[in-house]
Amino acid sequence: MCGRYYVDDDTAREIEKLVRQVDEKMRGAAVSCRVEVAAKDIHPTETAPILAASGDILECRWQRWGFPGFRKSQVIYNARCESVMEKPMFREAVRHRRAVIPAAWFYEWDRSKQKHIFYRESGAPLFMAGCYRKYDEGDRFVILTTQANASMEPVHDRMPLILEREEAVAWLLENDAAEGLLQKSPPLLVRRTEYEQLRFPGI
């Protein structure tokens, strides 16, 4: 699962870089793209920056995290990759309104309620696969989860579907590639508890 993640200035710069890169490739000219992100933890129901496609270009949009649930005040903020193409709540969104949710790292709690932090060893931002739906009060997104890999298994049996940079572009722009990416295994991540100091390369 993924119930909280963190964004910062590096996350914003990565969004800008990816938007410019795709625009240069598709149109042959870079666009001006400036994304401002306050460094903070993102919780379900909060608004956060995501990447989405508009035709053959990428856009940074601000959306609320979590679909309204079936019960009052319920929020559904994750969707399982294995069944997302079958469930009416997610099927059309994955087909036509895919998203990438950038993050510096995400959190998960083990059975003893200890909080763990997961991030790339290089310190590069994570690209989490997601999708969004349109509601009267605005668009909302969910993060897709898959079976945990070896770096996540000691803490939880689920984790976000994390994409590499080129996979993130394919997820957003290529319908044929998207369904195949639902089957991929996420990369191995570094795990720290909240009581350990986070150390990234170059710091």
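Here are the numbers for this structure:
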quantity: Residue list for the stretch 129-159, restricted to those being buried (at least 20 other Cβ atoms within 10 Å of the Cβ) and under 17 Å from Val75 (Cβ atoms); calculated: Gly130, Cys131, Tyr132, Arg140, Phe141, Val142, Ile143, Leu144, Thr145
quantity: Selection from the stretch 86-108 of residues that are in contact with a strand residue (DSSP E or B) (Cβ under 7 Å, 6 or more places away or on another chain), without any contact (Cβ under 8 Å) to a residue 60 or more places away in the chain and of a type outside the set (D, E, K, R); calculated: Met89, Phe90, Ala93
quantity: Hey, Ala178 part of a loop (DSSP other than H, G, I, E, B) and within 15 Å of the chain's Cα centre (by Cα) or not; calculated: no
quantity: Residues that are open to solvent by less than 60 Å² (accessible area, probe 1.4 Å), at pLDDT below 85 and closer than 26 Å to Tyr135 by Cβ, drawn from the stretch 25-53; calculated: Val35, Val37
quantity: Selection count where residues are farther than 25 Å from Arg61 by Cβ and without any contact (Cβ under 8 Å) to a residue 40 or more places away in the chain, scope the stretch 109-140; calculated: 3
quantity: Which numbered condition Ser73 misses (of (1) open to solvent by 30 Å² or more (accessible area, probe 1.4 Å); (2) on the phi < 0 side of the Ramachandran plot); calculated: (2)
quantity: Every residue from the stretch 62-76 that is at pLDDT below 95 and either of a type in the set (Ser, Thr, Tyr) or within 20 Å of Ala103 (Cα to Cα) (or both); calculated: Trp62, Ser73
quantity: Filter result for Ile143 (more than 24 Å from Glu59 (Cβ to Cβ) and of a type in the set (Val, Ile, Thr)); calculated: no
quantity: Some residue of the stretch 167-185 being under 21 Å from Glu59 (Cβ atoms), open to solvent by 40 Å² or more (accessible area, probe 1.4 Å) and modelled with pLDDT of 95 or more; calculated: yes
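The values are calculated or read from the model by the stated rules, or taken from the named source; none is laboratory data. On a predicted model such as this, the values are computed, not experimentally measured, just so you know. So basically every Cβ, Gly included, is an ideal-geometry build from the backbone, and we count neighbours across all protein chains shown. All accessible areas refer to the heavy atoms of the entire protein, side chains included, with ligands and DNA or RNA removed. Shrake-Rupley method; radii C 1.70, N 1.55, O 1.52, S 1.80 Å.
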